[in-house]
Amino acid sequence: MKKIIISLLLLFTVVGAKAQIGSDFGVNMFMNMGGGVSWWNNGGDVTTRGFSGGIGVGKWILSPLAARVSLNFEVVPSNQDQLHRASFAHATAEFLWDFNSTFSRIKSWRLNFYPLLGLGVSYRGGLTVDRPDGTPMSLGSDHAIHSLVGFNMPFRLGMGWDLFLEGKVYFLPVTPFFVEKIISREQPDGILLSFGGQTALNCGVELYRSGVLEKYGVKVLGTPVQSIIDTEDREAFAERMEEIDVKIIRSSAVESVEEAAQAAAELGYPVILRAAYALGGLGSGFCDNEQQLLELAEKSFSYSPQVLVEKSLKGWKEIEFEVMRDCYDNCIAVCNMENFDPLGIHTGESIVVAPCQTLDNHDINMLRELAIKIVRHIGIVGECNVQYAYDPLSDDYRVIELNARLSRSSALASKATGYPLAFVAAKLGLGYGLFDLKNSVTRTTSAFFEPALDYVVCKIPRWDLSKFHGVNHELGSSMKSVGEVMAIGRTFEEAIQKGLRMIGQGMHGFVDNKAGHVTDIPDALSHATDTRIFVLSKALQMGYTIEQLHELTQIDRWFLQKLRHIVVLNRQLQEFRQLADMVTFMEPLELLEYLEAPEFVALLRDAKVYGFSDFQIARALGLGDHMTMEEAALLVRGWRKELGVVPTVNQIDTLAAEYPAQTNYLYLTYR
């Protein structure tokens, strides 16, 4: 750590020295959390503020007494006053130490550098606080790398720093070449592979196969490398599943386009191609004939040396389980999720609901037991997810894959349940057992538990396809989405309407949006696109039946019935459009008598329970014909408050209120 700080300060001195002009030196005293001395160099159009140091005592947010030592180097234009100057270059090294009987020590460090033209570097150390019992508590250390470009915008690298632990961040590509260089330099004892996504996983496997890890005596913590290989190599995974009589999709692993065509002919079309060791379904897709297969196979082999040709089960449900296992063979299923769309659309492209809404206890328990059986057989240590294709009509299933790493779904499961998957997985990789760790939400119970949810979580992908001309909007087994939103509610209708309002497409929910132009609704429904959910809304309002929509989309009837419920509520609100006319000539107190009608109060409450915003209600009532929609939404809000239709704040406690929660993980709901 000292070497890093010294080298950076030398760099800052050299850069600053290039801007020095003149030789008129002076002395300046400053009072900022103490006193100090700084040397000034004035001349020409630039004032160079050399090294300024300070040491002092002052109040800090967690303590009445703190000591601060700082070292500064700055270059500023001399023609700007002290209050409005803009730094051409600025470097700061700052250390903070706290003396307090409650928190025995608090320490942080920060290095900032803002060179010319506003591209800056900032090294900021994490804040470490010792609790009264001696255990460390980290504050504000995100262990992340970000890049920002703008005037005096810093480029930040954050890492924790403790007297007993030195940390370094290498801003290098995660490739075997660079990682080997870092291993050679740092000589680490162990390495974790499951926290860097598919890229880190592939890199770790390559280092293992090339003998680099063995050469430097580096131990892989958590899931063994051979277990990772067994899950990533499609043919090896199929063999491991056959060992425990777990059903997988009929498939064949191939290494050339010709072999792919032969395998597809034997399996029978339609088939799906999946590239091994690929991120986000890259190079995968469905093929209905040989011509489509040849085109896609060329693309798939450009991403991976191995491709799996599978019999297509398009139309089945896609179910996913997030599973934790420790080195003592304790295993729990933290969260189960199901895709709103049928199998054939990548999980990252589909609306995902947690927990599963359309499966009964028999289905969920069967898949849970299978997931735990698979994870134990493969030998996972830490976190993973198991993906299924499932036919609820016959209880038939197929295992699609097992991801032996923290994935996008892991982040969703962690937020949905309040269970800190990444934190617990890191501890398990270090050799802890699930029974050794505390539930971070209750802080009293063990982490060896399966969360119970008394709410519904809905994840909706966000696309930016409309920004590009000529792009194909059809969704498939490879990802096009650029982000996602997560909504929490007590009902599915509430959660999905909240989510649709947040995806940034200018929508207000499932209904009461600006009408989009759709020329062929059956065709638009039969092909999954980024806007199909709104085509469903249009079709339901036009009178399409649940069976018609199910035949066209293969979306589960339960979801379609819930969406129809939203449309029915919207129609019931429209029956009170006479209220919009009353607003124009009635006094508020006179109008309140009509608003207090039991049927309207009950309908208004139902609308809020099922996710309608004040804006949607105002549009359904036709208030926008007499005022702006902003004014109309505020008017509905005022009505609600007068009628006592207000939300409650609910707490996510992971145990469905069986034990009190100690964290403020909250959501608003009307039920």
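Things to note:
- D (Stokes-Einstein, µm²/s), Kirkwood Cα radius, the stretch 464-579, 0.692 mPa s at 37 °C: 213 µm²/s
- Gained length - SER466 relative to MET627, 0.36 nm times residue gap less alpha-carbon distance: 54.9 nm
- Net charge in the neighbourhood of MET486 (other residues with Cβ under 12 Å of its Cβ; Lys, Arg +1, Asp, Glu -1) is +4.
- Backbone N atoms of the stretch 386-407 closer than 20 Å to the 7 Å Cα→Cβ label point of TYR303 belong to residues 386-389, 400-407.
- Cα-Cα separations in the stretch 290-373 greater than 17 Å, expressed as whole percent: 62 percent
- Cα-centre dipole for the stretch 390-455 with unit charges at Cβ (Lys and Arg positive, Asp and Glu negative), debye to 20: 500 debye
- Gain on full stretching of the segment that runs from LYS168 to GLU575 - 0.36 nm per residue minus C-alpha separation: 140.1 nm
- Accessible surface of LEU370, taken over heavy atoms with a 1.4 Å probe and every protein chain present, rounds to 20 Å².
- Local charge for LEU540 was computed over the other residues whose Cβ lies under 12 Å away, with Lys and Arg +1 and Asp and Glu -1, and equals +4.
- Computed from backbone phi with θ = phi - 60° and the Karplus coefficients 6.51, -1.76 and 1.60, the 3J(HN,Hα) list for the stretch 310-319 is 10, 5, 6, 10, 4, x, 6, 6, 10, 10 Hz; x is used for glycine and proline.
- Charge sum, other residues only, whose C-beta stays under 12 Å from GLY644's C-beta, Lys/Arg counted +1 and Asp/Glu -1: +2
- Stokes-Einstein D for the stretch 356-474, Kirkwood Rh over Cα pairs, 25 °C, 0.890 mPa s (µm²/s): 145 µm²/s
- Unit charges on C-beta of K, R, D, E only; dipole of the stretch 177-267, Debye: 480 debye
The values are calculated or read from the model by the stated rules, or taken from the named source; none is laboratory data. Every value quoted in this text rests on a predicted model; they were computed, and no experiment measured them. Methodologically, a virtual Cβ is constructed for each residue, glycine included, from the backbone with ideal geometry; neighbour enumeration extends over all protein chains shown. These area figures cover heavy atoms from the full protein model, side chains too; ligands, DNA and RNA do not enter into them. Shrake-Rupley method; radii C 1.70, N 1.55, O 1.52, S 1.80 Å.
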